[in-house]
Amino acid sequence: MAGLSGAGRTALEQATVVFGGPRHLALAQAGARGQAWPQPFDLAPVLALRGRRVAVLASGDPFWFGAGGSLAAQLAPEEWTAHPAPSTFSLAAARLGWRLEGTACLGLHARPFAVARAHLHPGARLLCLLASAEAVGAFAQWLCAEGFGGSTLWVLQALGGPRERVRQTTAAGFDLAGIAAPVAVALEPAGAAGLPRTAGLPDAAFAHDGQITKSPMRALTLAALAPRPGELLWDVGAGSGSVAVEWCLAGGRACAVEQHAARAANVQANAGRFGVAEHLQVVHGRAPQALAGLAPAQAIFVGGGFDLALFEALRAASPAARLVANAVTLETEALLLQLQGSHGGALLRIDIAQAAPLGRLRGWAPSRPIVQWSVQL
């Protein structure tokens, strides 16, 4: 209670109903006024009491991985007032002396650990909210599996209160007992090199059956697509989903359309592996029929199976999108030449060869040439 502001304590005293987790209700001594959140979490009981004095208890800043954003989206501005306290991130930074502006702050209490994957690189600092004591051990094991067993961890319990406890260990040497919620982990990664921030991740990093836009071509394709934060990409005929995954790593959202079930499963696996599953929707179906009902895209990539009917369907569904189509066959190449003559845009022919053994020496092993058309629909 000492951590609440005077205005916050007054609002709590005047409330006829108090919502929160069991720990919060006990700390606030809510008594008969207290009502625990339903499992699974649901805002409906709070919204049903509109017009009454209701207090909702949340940890620290309710708009940083808290219930505040969810509630505010359902209520009018004049229906609510927030009384934020220091967040776990602020308390952790104050204990460790870390600059928050240089620290990745992640809520992993209800999200996969893989969300942290893109932030793991030597020299980085992470603050991660976790759900339980068991989650701390599982997170350490996950770090080891990803090649970051040498990372330094700080386990931070009940920050800002009388039960506060901070302990230091490593991911590989983790054996701490007596961990109690609420708990967060601070992390300085060490071990693996981390994911590069440029497009064109190694093909071997993805689950695929050979149907994948190869690394050099993927880099050129993503450059033509020009990802921007928050934009939606349609990856049509996604194959492994490598283009959609890298689009999401650049800060966007994606919808991967794939007609083969095994490949759609690979897309889902790759999204999970790189921690972008919450931003990447997988649609198992054949375009253009599978496009029905999708939100309009800002960018569209077609890596194979492009024809005139699909082009017209894409133009009708997302008339302002940036389209990038890659052609391997002569027939598709001829179509791209025809469409570029009618609709403009840029054509690029790409010939790539890689060094490979040639007897006792080496020679160039050429890939099939690819023609790329990029245009604003």
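Just so it is clear, none of the values below were taken in a lab; they were calculated from the coordinates. Keep in mind that this is a model prediction, so the values were computed, not measured. Glycine also receives a Cβ, built like all others from the backbone with ideal geometry; neighbour counts cover every protein chain displayed.
Once you reduce segment 140-161 and segment 184-211 to the center of their Cα atoms, the two points are 19 Å from each other.
In the chain, helical runs assigned H by DSSP with n ≥ 4 each contribute -39500 (n - 2.57); averaged across all residues and rounded to the nearest 500, the mean residue ellipticity at 222 nm is -7500 deg cm²/dmol. Of all DSSP beta bridges located in the chain, what percent are antiparallel, nearest 5? Bridges in the chain that DSSP calls antiparallel: roughly 55 percent. Residue order for 342, 87, fewest other beta carbons within 10 angstrom first, comes to 342, 87. Here r is the Cβ-Cβ distance between residue 203 and residue 163 and R0 is 51 Å; the resulting FRET efficiency, rounded to 0.05, is 0.55. Only Cα sites of segment 233-315 enter the Debye sum here, all with the same form factor; the resulting log10 I(q)/I(0) across q = 0.18, 0.21, 0.24, 0.26 1/Å is -0.65, -0.88, -1.14, -1.31, listed in q order. Once you have a ≥ b ≥ c as the square roots of the Cα gyration tensor eigenvalues for segment 6-79, tell me rounded if a/c is under 1.5, and otherwise prolate or oblate according to whether a/b is larger than b/c. Because its axes are fairly even, with a/c under 1.5, segment 6-79 counts as rounded.
For the pair residue 180 and residue 192, the difference between a 0.36 nm per residue extended length and the Cα-Cα distance amounts to 1.3 nm. The residues packed around residue 105, meaning those with a beta-carbon under 11 Å from its beta-carbon, carry a net charge of -1 if Lys and Arg are +1 and Asp and Glu are -1.
Taking other residues whose beta carbon is less than 12 angstrom from the beta carbon of residue 213, and scoring Lys, Arg as +1 and Asp, Glu as -1, yields -1. Cα centroids of segment 266-302 and segment 334-377: 25 Å apart. Summing Cβ point charges (Lys, Arg +1; Asp, Glu -1) relative to the Cα centre of the chain gives a dipole of roughly 560 debye. Rounded to the nearest 0.05, the FRET efficiency derived from the C-beta distance between residue 262 and residue 5 at R0 = 41 Å is 0.15. The tail of the calculated P(r) for the chain, taken as Cα-Cα distances beyond 27 Å, holds 60 percent of the pairs.
Of the peptides 260-272, 232-244, 41-53, the order by per-residue mean of other Cβ atoms within 10 Å, starting with the highest, comes out as 232-244, 260-272, 41-53. You can think of it this way: the chain between residue 32 and residue 354 has 108.7 nm of extra reach, that is 0.36 nm per residue less the Cα-Cα gap.
Legend: calculated FRET efficiency, residue 23 to residue 292, from the Cβ-Cβ distance at R0 = 41 Å, rounded to 0.05, equals 0.35. The length gained on full extension between residue 334 and residue 223, counted as 0.36 nm times the residue separation minus their Cα-Cα distance, comes to 37.6 nm.
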